[in-house]
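Trainee: My questions all concern the structure below.
Every read-out reported here was derived from the displayed coordinates using simple, explicitly stated rules and does not represent laboratory data. Predicted model, so just to flag it, every value in this text is computed and none were measured. Cβ coordinates were reconstructed from backbone atoms using ideal geometry, including for glycine residues, and neighbour counts include every protein chain displayed.
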Amino acid sequence: MPNLYQSLVGDDWETLDPSVRSFLSAMPSNATALFAVSNGNWRPAQFFARMLGLPRAGKGVHVHVRRYMKGTLEVWERTFPDVKLVSRQWQEDGLLAEHMGIVVCRFRLRVVDGALMFQHHSTLFAVMGLRIHIPKAIAPTIHAYCEPATEPQSTFTQVSIWLPLVRIVLTYAGIVTQR
């Protein structure tokens, strides 16, 4: 049975670089990452990053990445030195849905030159079983990709979160190595 990412990417799965495919196939998975983390250079962005419980800025930030299945959901735990970000992922209407806190972001996955691109599709509030679509004009937007790295069993990953008017709230980027 194909894994979550394989089922979403479909026939393009085989065109993913083997290191990216390996990282997304291993389940359960433990990895270490060395990230550069930025909370934007504008004070409102830094304020929102703190309010949302996002990791603090820093270079050479060591992060533990753990993935496992919980029923039909794929759980991602990203443990930064100051905060743990936990999300649950599943397939919904041909999109990758990721629930973190009170927000569900939905992505269309695309393979481009062996890398996996996460194309932000929509954002919803999810509270007490209710899901409310957030209009794009005020919704957070996430840009992400995962591409091969030069190190063995490693990928380069970048994730950026934007809020309208506030601009970039969080970017983390760096090498993720499977253990």
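Trainee: Starting from 0.36 nm per residue, how many nanometres of slack lie between Lys70 and Met27 once their C-alpha separation is accounted for?
Mentor: The Lys70-Met27 span can extend by a further 14.4 nm.
Trainee: Taking a point 7 angstrom from the Cα of Ala36 along the C-beta vector, which residues in region 44-61 have backbone N less than 19 Å away?
Mentor: Inside the label zone: 46, 55-61.
Trainee: Hey, another quick one. Once volume of the Cα convex hull per residue in Å³ is worked out from the coordinates, which option in [x] 184; [y] 122; [z] 208 does it equal?
Mentor: Matching the structure shown: [y].
Trainee: Here's a follow-up. So what is the 222 nm mean residue ellipticity for the chain from helices alone, if each DSSP H run of at least 4 adds -39500 (n - 2.57) and you divide by all residues, rounding to the nearest 500 deg cm²/dmol?
Mentor: Details: 3 runs with 23 residues, N = 179.
About -3500 deg cm²/dmol.
Trainee: A further question on this structure: Could you tally the net charge around Pro81, taking each other residue with its Cβ under 13 Å from the Cβ of Pro81, Lys/Arg +1 and Asp/Glu -1?
Mentor: +3
Trainee: To continue, here is another question. Which of rounded, prolate, oblate describes region 1-79, given a ≥ b ≥ c as roots of the alpha-carbon gyration tensor eigenvalues and a/c under 1.5 marking rounded, otherwise prolate only if a/b is larger than b/c? Spell out each step's value before the answer.
Mentor: Working: a/c = 2.21, a/b = 2.08, b/c = 1.06.
Here region 1-79 falls in the prolate category.
Trainee: What are the equivalent ellipsoid semi-axes of region 97-179, built from the alpha-carbon gyration tensor (square roots of five times its eigenvalues), in whole angstrom, biggest first?
Mentor: Calculated on Cα positions only, the semi-axes equal 27, 14, 12 Å.
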